[in-house]
Amino acid sequence: GAIIVSHAISRPFLSQLLDRRWRLAPDALERSRSAKGGALGYQLVTRTGGFDLAGGRIRVGAIDGIGSEGALYAWFPAQGFLWAGDYIQEVNRPSQYAIEVRAAMRRDGIAPQRVAAQHLPLTPWTTVEQANPER
């Protein structure tokens, strides 16, 4: 019963991936599909604009840069926290991804206090700003 949330541009890829049968080396998810008669039991939700989850406690939005096309961020306003997915990987020099995340924050009127990503530990947002000055 998982809910998968993604940018609308990702729908064809994700649908193809989720509908594919993994027969050679089925994992637990594939085995559960077989037990349920072929259904994975997921809901794929795609959007092009921002939307709220958890009664507004989480705001999901598109980064929409040239390098991050299709990527989403998650903003937790009460905590001042931004989850940037895989789109901020370093903060010791400018990077295209971080510049695009920063532009999305400006566009959407978000002023994070802290940010984290898959390759970035919890970091002050000012560190991202200092490494990626406005152009």
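The values are calculated or read from the model by the stated rules, or taken from the named source; none is laboratory data. For clarity, every value in this text was computed on a predicted model and none was experimentally measured. FYI the Cβ positions are ideal-geometry reconstructions off the backbone, even for glycines, and counts take in every protein chain you see. Side chains are part of the model used for accessible areas, which takes the heavy atoms of the whole protein and leaves out ligands, DNA and RNA. Shrake-Rupley method; radii C 1.70, N 1.55, O 1.52, S 1.80 Å.
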Checklist entry - Roughly what % antiparallel, to the nearest 5, for the DSSP beta bridges in the chain? => result 60
Checklist entry - For the chain, which whole percent of the accessible surface, found with a 1.4 angstrom probe, sits on carbon and sulfur atoms? => result 54
Item to check | Point-charge dipole on Cβ atoms (K/R +1, D/E -1) for the chain, about Cα centre, debye to 20 | outcome: 420
Checklist outcome for this item: Treating every alpha carbon of the chain as one equal point scatterer without solvent, the Debye formula yields log10 I(q)/I(0) values at q = 0.12, 0.16, 0.22 Å⁻¹ of -0.56, -0.85, -1.24
Next on the checklist: For region 85-135, which GluC sites (Glu not before Pro) pass both filters: DSSP loop (anything but H, G, I, E, B) and at most 15 other C-beta atoms within 10 Å?
Outcome noted: Glu90, Glu134
Item to check | Accessible surface, per residue, of the chain when the full set of protein chains is kept, probe 1.4 Å, Å² | outcome: 60
Next on the checklist: Sort 60-70, 103-113, 21-31 by the packing proxy (mean of other Cβ within 10 Å over each peptide's residues), most packed first.
Outcome noted: 60-70, 103-113, 21-31
Checklist outcome for this item: With -39,500 (n - 2.57) per DSSP H segment of 4 or more residues and division by the full residue count of the chain, the 222 nm estimate, nearest 500 deg cm²/dmol, is -8000 deg cm²/dmol
